[in-house]
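**Student:** Before I ask anything, here is the structure I am working with.
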Amino acid sequence: MKKKTQGTGRNLSRRQFVQVGAAGAAALGAAASGAPAVQSSGSRPVVIASGNGNRYKNGGDEVVVERAFRMMTEGKDVLESLIEGVKITELDPEDASVGYGGRPNADGVVQLDSCCMHGPNRRAGGVAGIEGVRTPASVAYQVLQVTDHHLLVGKGAQGFARNMGFEIEDDLNTPRSREMWLEWKRRIDPGHYLDPKKRAEAGHAAGLSMVRDGLMDEEEYYGTINCDGLNANGDLAGVTTTSGLAWKIPGRVGDSPILGAGLYVDNAVGAAGSTGRGEANLYGLCSFLIVDEMRRGAHPKDAAMTALSRVKENTVEKRLLNSRGLPNFGLSFYVVNKAGEHAGVSMYASARSTYAVCDENGPESLPMEPFLEGSASD
């Protein structure tokens, strides 16, 4: 018998799963689960996520988008459903980019970031640089629920989590995450503190060499899972959670917990979130830009392409350009609009580049759309 994942709840048969996903059968799914019936406004429910949203199960029966979609269509609040979904990756030590077992900072300490947005309530919450809590997205949700603030950081965020009843652990490293950190220390990364006289040649040499040597995937280096959902009522929400850039400067915060960068939700328009190089995304507040483009009528794919074009235009430092004069890093966006149309768009995309989707047909992985041909290292 498979081990149950924490918070997974009742498992549905394949037939029930498909029925629950359809707006017209929402009442049937609610009756089977004991939850209130979902009143449909004609929207087609869908959950999207970065590729790891259809990869990890933490010993259970469901992947991230599958759990989130099931809970959402059973009548659970759309954001609560997404939070429970990403908890799978946060708790799974096999996902080295999120939560427990995520990549530590340069001192070997796992510091986590997350934010979430609730479309219909126009509320948001986030935490940055939090240590000792495996599920930062759940802490971010409590910031949204019980405070007048959008972002808590560092020791303050940890203290808040303790006050909310979260377990605080001394160390979130796993043997694997510590092994990779020690390998990085041996290679000595020169990309953190840049010599102003040598800035043009500097880069994350040691970390990216480990990617090139096959010791880790690029998505592990940059980290993160983003997950966004649209329910049958037409309500939107999103969550992004990460361990951040591998072996970052202690205290570094990327785009993931920042509203408008790592995530943005407008209940009248759509939702967008990101993975990849956070600094590039932060500079342009691209998730906000994408949602604003959709407000003007752009399709999710076209809106995301506009954001990547903006990032390309703003990337001028030699150390951030490849031999073709193009960005030498990855950046991806996951976008859904009010109509349920969605897209996964990336600066570069290989045959392995996918994003996760779950609707009434169940979970699947779809190919990412590349903005530029080739790869970041060309």
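**Student:** Scan (1) crowded, with 18+ Cβ neighbours inside 10 Å; (2) touching a Pro at 6+ places or on another chain (Cβ under 8 Å); (3) closer than 18 Å to ILE48 by Cβ for the single condition GLU341 breaks and write down its number.
**Tutor:** (1)
**Student:** Take the residues of the range 269-289 that are among the hydroxyl-bearing types (Ser, Thr, Tyr) and outside any strand (DSSP E or B): which is surrounded by the fewest Cβ atoms within 10 Å (Cβ to Cβ)?
**Tutor:** Our first condition is that a residue be among the hydroxyl-bearing types (Ser, Thr, Tyr); within the range 269-289, this holds for 274-275, 283, 287.
With outside any strand (DSSP E or B) added as a condition, the list becomes 283, 287.
Details: TYR283: 15, SER287: 31.
Within the range 269-289, the match that is surrounded by the fewest Cβ atoms within 10 Å (Cβ to Cβ) is TYR283.
**Student:** Assess whether ASP148 counts as being modelled with pLDDT of 95 or more, in contact with a strand residue (DSSP E or B) (Cβ under 7 Å, 6 or more places away or on another chain) and charged (D, E, K, R).
**Tutor:** Values: modelled with pLDDT of 95 or more: yes; in contact with a strand residue (DSSP E or B) (Cβ under 7 Å, 6 or more places away or on another chain): no; charged (D, E, K, R): yes.
Answer is no for this residue.
**Student:** If you don't mind, another one. Suppose the filter is in contact with a helix residue (DSSP H, G or I) (Cβ under 7 Å, 6 or more places away or on another chain), more than 27 Å from GLU317 (Cα to Cα) and in contact (Cβ under 8 Å) with a residue 12 or more places away in the chain; does ASP235 pass it? Write out each step before concluding.
**Tutor:** Values: in contact with a helix residue (DSSP H, G or I) (Cβ under 7 Å, 6 or more places away or on another chain): yes; more than 27 Å from GLU317 (Cα to Cα): yes; in contact (Cβ under 8 Å) with a residue 12 or more places away in the chain: yes.
Answer is yes for this residue.
**Student:** Please specify each residue of the range 85-104 satisfying the condition of being of a type in the set (A, V, I, L, M) and either farther than 18 Å from PHE166 by Cα or in a loop (DSSP other than H, G, I, E, B) (or both).
**Tutor:** So the first thing to find is which residues in the range 85-104 are of a type in the set (A, V, I, L, M), and the list is 86, 88, 91, 96, 98.
Listed by number, the residues that qualify are ALA96, VAL98.
**Student:** Another question about this same structure. Collect the residues in the range 151-198 that are at pLDDT below 85 and of a type in the set (D, E, K, R), keeping them in residue-number order.
**Tutor:** Narrowing the range 151-198 to residues at pLDDT below 85: 185-198.
Scanning the range 151-198 gives LYS185, ARG186, ARG187, ASP189, ASP195, LYS197, LYS198.
**Student:** Of the residues ARG295, ARG319, which is at pLDDT below 95, surrounded by fewer than 19 Cβ atoms within 10 Å (Cβ to Cβ) and among the charged types (D, E, K, R)? I'd like the intermediate steps shown before the answer.
**Tutor:** Details: ARG295 fails: at pLDDT below 95.
Just a single option satisfies the conditions, and that option is ARG319.
**Student:** Condition first: assigned to a helix (DSSP H, G or I) and of a type outside the set (D, E, K, R). Now tell me which residues in the range 291-313 satisfy that.
**Tutor:** Restricting attention to the range 291-313, the residues satisfying the condition of being assigned to a helix (DSSP H, G or I) are 291-295, 300-313.
If the condition is that a residue be assigned to a helix (DSSP H, G or I) and of a type outside the set (D, E, K, R), then VAL291, MET294, PRO300, ALA303, ALA304, MET305, THR306, ALA307, LEU308, SER309, VAL311 are the ones that fit.
**Student:** If GLY325 satisfies all but one of (1) at pLDDT below 95; (2) more than 22 Å from the chain's Cα centre (by Cα), what's the number of the condition it fails?
**Tutor:** Evaluating GLY325 over (1) at pLDDT below 95; (2) more than 22 Å from the chain's Cα centre (by Cα) leaves (1) as the failure.
**Student:** I've got another one for you. Identify all residues within the range 116-168 that are assigned to a strand (DSSP E or B) and among the small types (Gly, Ala, Ser); write none if there are none. Walk me through how you get there before you give the answer.
**Tutor:** Start the filter on the range 116-168 by keeping residues that are assigned to a strand (DSSP E or B), which leaves 116-118, 123-130, 152-153.
Within the range 116-168, ALA124, GLY125, GLY126, ALA128, GLY129 qualify.
**Student:** Identify, from the list ALA349, ALA343, ALA376, the residue that is without any contact (Cβ under 8 Å) to a residue 24 or more places away in the chain, among the hydrophobic types (A, V, I, L, M, F, W, C) and over 23 Å from PRO257 (Cβ atoms). Break it down stepwise before answering.
**Tutor:** Working: ALA343 fails: without any contact (Cβ under 8 Å) to a residue 24 or more places away in the chain; ALA376 fails: without any contact (Cβ under 8 Å) to a residue 24 or more places away in the chain.
Matching residue, one of ALA349, ALA343, ALA376: ALA349.
**Student:** Follow-up question, since we're still on this one. Determine which single condition GLY108 fails, assuming it passes every other condition in (1) in contact (Cβ under 8 Å) with a residue 24 or more places away in the chain; (2) surrounded by fewer than 17 Cβ atoms within 10 Å (Cβ to Cβ); (3) of a type in the set (Gly, Ala, Ser); (4) in a helix (DSSP H, G or I).
**Tutor:** (4)
**Student:** Another question about this same structure. Tell me whether the range 208-231 contains one or more residues that are at pLDDT 95 or above and farther than 20 Å from GLY51 by Cα.
**Tutor:** Yes - at least one qualifying residue is present in the range 208-231.
**Student:** Which condition does ASP92 not pass, out of (1) within 15 Å of the chain's Cα centre (by Cα); (2) charged (D, E, K, R); (3) surrounded by fewer than 24 Cβ atoms within 10 Å (Cβ to Cβ); (4) modelled with pLDDT under 95, if it passes all the others?
**Tutor:** (4)
**Student:** Just to be sure, is GLY260 in contact (Cβ under 8 Å) with a residue 24 or more places away in the chain, under 30 Å from GLU183 (Cβ atoms) and either touching a helix residue (DSSP H, G or I) at 6+ places or on another chain (Cβ under 9 Å) or crowded, with 24+ Cβ neighbours inside 10 Å (or both)? First the steps, then the outcome.
**Tutor:** On the way: in contact (Cβ under 8 Å) with a residue 24 or more places away in the chain: yes; under 30 Å from GLU183 (Cβ atoms): no; either touching a helix residue (DSSP H, G or I) at 6+ places or on another chain (Cβ under 9 Å) or crowded, with 24+ Cβ neighbours inside 10 Å (or both): yes.
No: the conditions fail for GLY260.
**Student:** Restricting attention to the range 99-116, and to residues there that are among the hydrophobic types (A, V, I, L, M, F, W, C), touching an Asp or Glu at 6+ places or on another chain (Cβ under 9 Å) and modelled with pLDDT of 95 or more, which single residue is farthest from ALA271 (Cα to Cα)? Reasoning before the result, please.
**Tutor:** In the first step, residues of the range 99-116 are kept if they are among the hydrophobic types (A, V, I, L, M, F, W, C); the result is 106, 109-110, 112, 115-116.
Still in the list and also touching an Asp or Glu at 6+ places or on another chain (Cβ under 9 Å): 106, 109-110, 112.
From the residues that got through so far, the ones that are modelled with pLDDT of 95 or more too are 109-110, 112.
On the way: VAL109: 32, VAL110: 28, LEU112: 22 Å.
Per the stated criteria, the residue is VAL109.
**Student:** Please find, within the range 344-378, the residue that is surrounded by the most Cβ atoms within 10 Å (Cβ to Cβ) out of those that are in contact with a Phe, Trp or Tyr (Cβ under 8 Å, 6 or more places away or on another chain), modelled with pLDDT of 95 or more and among the polar types (S, T, N, Q).
**Tutor:** Going through the qualifying residues, I end up with SER346.
The values are calculated or read from the model by the stated rules, or taken from the named source; none is laboratory data. Note that the structure is predicted; figures quoted are calculated from it, not measured. Methodologically, a virtual Cβ is constructed for each residue, glycine included, from the backbone with ideal geometry; neighbour enumeration extends over all protein chains shown.
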